[in-house]
Structure formats: structure tokens, C-alpha cells
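Trainee: I am attaching a structure below and will ask some questions about it afterwards.
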Amino acid sequence: MAPANPNYSDILATTIENRSRQLADNVTNNNAILKKLSMRGNIKTFSGGTKILQEMQYAENSNAGWYSGYDILPVGVSEVISAAEYSIKQAAVPVVCSGLEMLQNAGKERMIDLLEGRLTNAEATMQNLIAEGLYSDGTAAGAKQIDGLQAAVDLTPAVGSYGGIDPATFTFWRNYANDTSGLDSSTIQGAFNTAWANLVRGSDMPDLIMVDNSMWTLYVESLQALQRFTSPDTGDLGFPSVKFMGADVVLDGGIYQHSRTGAPAGTAYFLNTKYIHYRPHSDRNMVPLSPNKRYATNQDAEVQIIGWAGNLTCSGRMFQGVIDNNA
């Protein structure tokens, strides 16, 4: 059965359409990881294909070397570039209005008030869904979830496959991991120092350290008062942060420490965001799945669905690290 007033259906569709860009921006700006990736220019859409390819340099040019005078220079083919491949993951949040609700909210302004509330809720739900996915291992919901940090920065980095590459064979595709326990305010600095030393290559170094409440507390307690420097790029935007070796240490928990959307309990992710990429599809980045009207076949109701497709990718796993204090 068609809705009681088709004009309200048009309002529902166009209101979601108008807010889709705002939703994509809000998802980025309300997450410290995505905000950092945005600042680096590492939020890049893709337009098609069965997989998301993330190019990488995995070896040096074997032709490089010293020579003198008329020495013959090697010019053989040197394979130095490859690509990791990632599945396209999808997410959706439906927004539903019944015919009765449309009648009860007669008038354009009242209908928009109804939609504002439901769209605000849908946006918050999508933000939480993406935030949860950023920390996931990609196995939830039948492996339909984003391949998040627990996949990219694994506690057993030499086991399994990530991005279609086997780290047991290709050692460059292993992240740093410290699966430990018993860290306190007197030992956490040492653990951070060791992780840092294992992740620096010249000017390549971690620039973002995401921690949960417990690791945040240990780290802050380990600092002297004069060492508590906040970062204006993150702290002023609403992300509590301090510094470690110039990297932002960001609390991703707070009052949501027991929820599914923050950093996992007892963890600190050392991220070099130069090599991490957020890859939404250019035609499915927080937009209505279809601008057409969607009706229930046996109900007086209409549904509009906000959709997203893409994945989190990595082009340099060796530059990422994790400390887990739960062993």
C-alpha cells in the first residue's frame, strides 16, 4: 500500500539526500583516526572494481649500487611495487516512517521536524558503526565488517593473511606487537619506548597513538606536570590528547569505555597514518541507496536507507604497532 501522502515521501527522500554530505563529514570529524587521515589526505574514494587495491613499495631497487668510470650498470627489471587487496564492505541504516506518522505530522515543517530527529539518530548510529569497524578484525557479521585495526595491526602479525598477503612468507608485512600484562605507570614509558624504536625508519614514525581508558590513565600518571603537552590539532577539536615523541596520544574511550565503539580495553595502537587509508566508494559514501521511494509491500510505511561501502586499507604494515596489556 502506498503512503497516505506521497508528498511527504518526497520530503523524506530529499531531506536524506541533502544531509548525506553532512553525514560523511560528521563521521570523519567525530573520529580521531579518520580526522588524522583526512588531514594527511588519506581519505580517498574509489570508483569500482571487485576489490580495493592499495599500492605499496615492498622492496628496494636491486639495480642500485656503486660504480666507477666505464663500469657496466645493471638495468634489469626490478620488481618493487605491488598492491594489497581488500574486499568492499557495506553498511546501511534504514530510516522508516509509517503512514500514520505522516498523517500525524501534517504540514511540511512538522514532517521535517520528525525527520530531523530520526536522521540525527541515523547519523549517530552510522558514526558508531564505522567507529566500531575501525577497531575490528573484520570477522563480525559473517566477515562483512570493515577490516579494522585488529586486522591491520595484529597481535600475531606473522599468522594469517591480511590484504591478500601472507606475512609468514613476506616479513615486510608484519606489524610490531607486544602482547603483555602487568604494565603500570612505572613501566608503561619503557613499553612505549620499545614500541617506538621498532617503528621508526628515518623520518617515518608513528604520528597517532590511540589508547583506551586504562592505558591513557597509566600513561598520564607516568608523566611529570611539565610534560603534559596537548596537541591543538586534536585536543582543540574535542579529542583529549597528550604527546609522546611528537605523536598525539589520543583517548578513545572516556564515558564510552565499555561500549563497542572505542579502543579495545588495555590497548595502545601506534599508527603511522601515512600508510593507513580510508577508502569509501565514490557513489556510496553515506548517501541514500536509492532516491526512489521504497514502500513496504504489506504495510503503510516508507523506508529510505543511508548506505556506505568501502574499507580501511594499509600500505605499510611494518610501520604500525600495538601494545596489549591483557595477556
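Trainee: At 7 Å along Cα-to-Cβ for each site, give me the label-to-label distance between Thr139 and Ser98 in nm.
Mentor: 4.1 nm
Trainee: Using amide H atoms built 1.01 Å from N in the peptide plane, name the residues 5+ places from Phe46, or on other chains, whose amide H lies under 5 Å from its own.
Mentor: Close amide H contacts, sequence-distant or interchain: His281, Ser282.
Trainee: While we're looking at this one, here's another question. Please arrange Arg201, Arg40 by how many other C-beta atoms lie within 10 Å of their C-beta, fewest to most.
Mentor: By the 10 Å Cβ count, ascending: Arg201, Arg40.
Trainee: Okay, moving on. When Ile130, Ile72 are ordered from fewest to most other Cβ atoms inside 10 Å of their Cβ, what list results? Show your work: numbers first, answer last.
Mentor: On the way: Ile130 25, Ile72 6.
Listing Ile130, Ile72 from fewest to most nearby Cβ atoms yields Ile72, Ile130.
Trainee: May I pose another question? Using Cβ counts within 10 Å as a stand-in for footprinting exposure, how do Leu289, Leu103 rank, fewest first? Provide the component values of the computation, followed by the final result.
Mentor: On the way: Leu289 18, Leu103 13.
The most exposed by this proxy come first: Leu103, Leu289.
Trainee: Under 11 Å from a point 7 Å along the Cα-to-Cβ line of Thr171: which residues of the range 303-326 have their amide N that close?
Mentor: Flagged as within label range: none.
Trainee: Using θ = phi - 60° and the Karplus relation 6.51 cos²θ - 1.76 cosθ + 1.60, list the HN-Hα couplings for the range 119-133 in order, rounded to whole Hz, with x at every Gly or Pro.
Mentor: Using θ = phi - 60°, the values come out as 6, 4, 5, 5, 5, 4, 5, 5, 4, 5, 5, 5, 4, 4, x Hz.
Values in this text are rule-based calculations from the coordinates and carry no lab data. Here the structure is a predicted model, which is why all the values come from computation and not from measurement. Reconstructed Cβ throughout: ideal geometry from the backbone, glycine too, with neighbour counts over all protein chains shown.
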